[in-house]
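Working notes, beginning with the structure itself.
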Amino acid sequence: MKSYTFNFDDSEQKEIFINLVKNMEGKLNIKIDTPDITRSSAENKYYFGVVIKMIADETGNIEFDVHSEMKAMFCMDTTRISIEQFEIYCEKIRIWALTFLNLRIPLPREII
């Protein structure tokens with residue numbers, strides 16, 4: 001069994017893939033994977049070191065409990081979300097903190 005990898009962001013590679021499939025005969029097993037896009041350690045440091053820590057400090061709760069509550073409140077499995085989904089998740093938490101705790105959590109790389 002042969003294995004091929006194609007980058008569909010490259011139009012030439014996409015065309016090669018299409019032609020390869022057109023010219024194959026018989027039964028084909030095609031597996032399509034997307035690359036894992038996980039957040040960086042800097043994003044994790046921001047989340048736990050700023051977002052979660054500020055809420056924990058404000059509420060008097062421990063950070064683990066705050067993290068668990070935020071996941072439950074916003075229905076997120078934070079280990080399996082894309083970078084974009086993670087940014088939306090953090091934004092929801094920032095809005096919640098401002099609304100219910102009157103706590104303004106800075107954006108990543110924001111100097112306050």
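The values are calculated or read from the model by the stated rules, or taken from the named source; none is laboratory data. In this text, all values refer to a predicted model and were calculated from it rather than measured experimentally. Heads up, the Cβs are rebuilt from the backbone with ideal geometry, glycines too, and the neighbour counts pull from every protein chain shown.
Points to keep in mind about this one:
- Flag for Asn44 being touching a helix residue (DSSP H, G or I) at 6+ places or on another chain (Cβ under 9 Å) and of a type outside the set (A, V, I, L, M, F, W, C): no
- Considering the stretch 76-101, and only residues there that are assigned to a loop (DSSP other than H, G, I, E, B) and in contact with a helix residue (DSSP H, G or I) (Cβ under 9 Å, 6 or more places away or on another chain), the residue that is surrounded by the fewest Cβ atoms within 10 Å (Cβ to Cβ) turns out to be Asp77.
- Residue list for the stretch 69-112, restricted to those being of a type in the set (S, T, N, Q) and modelled with pLDDT under 95: Thr78, Thr79, Ser82, Gln85
Okay, residues lined up against (1) touching a residue at least 60 places away in the same chain (Cβ under 8 Å); (2) under 30 Å from Phe17 (Cα atoms); (3) surrounded by 14 or more Cβ atoms within 10 Å (Cβ to Cβ); (4) not charged (D, E, K, R):
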| site | (1), (2), (3), (4) |
| --- | --- |
| Asn29 | no, yes, no, yes |
| Asp33 | no, yes, no, no |
| Lys45 | no, no, no, no |
| Val50 | no, no, yes, yes |
| Asp57 | no, no, no, no |
| Asp65 | no, no, no, no |
| Lys71 | no, no, yes, no |
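- Residue within the stretch 11-19 that is farther than 16 Å from Pro108 by Cβ, aromatic (Phe, Trp, Tyr) and either surrounded by 14 or more Cβ atoms within 10 Å (Cβ to Cβ) or in contact with a Ser or Thr (Cβ under 8 Å, 6 or more places away or on another chain) (or both) present: yes
- Subset of the stretch 65-75 [outside any loop (DSSP other than H, G, I, E, B), over 19 Å from Ser41 (Cβ atoms) and not hydroxyl-bearing (Ser, Thr, Tyr)]: Asp65, Val66, Glu69, Met70, Lys71, Ala72, Met73
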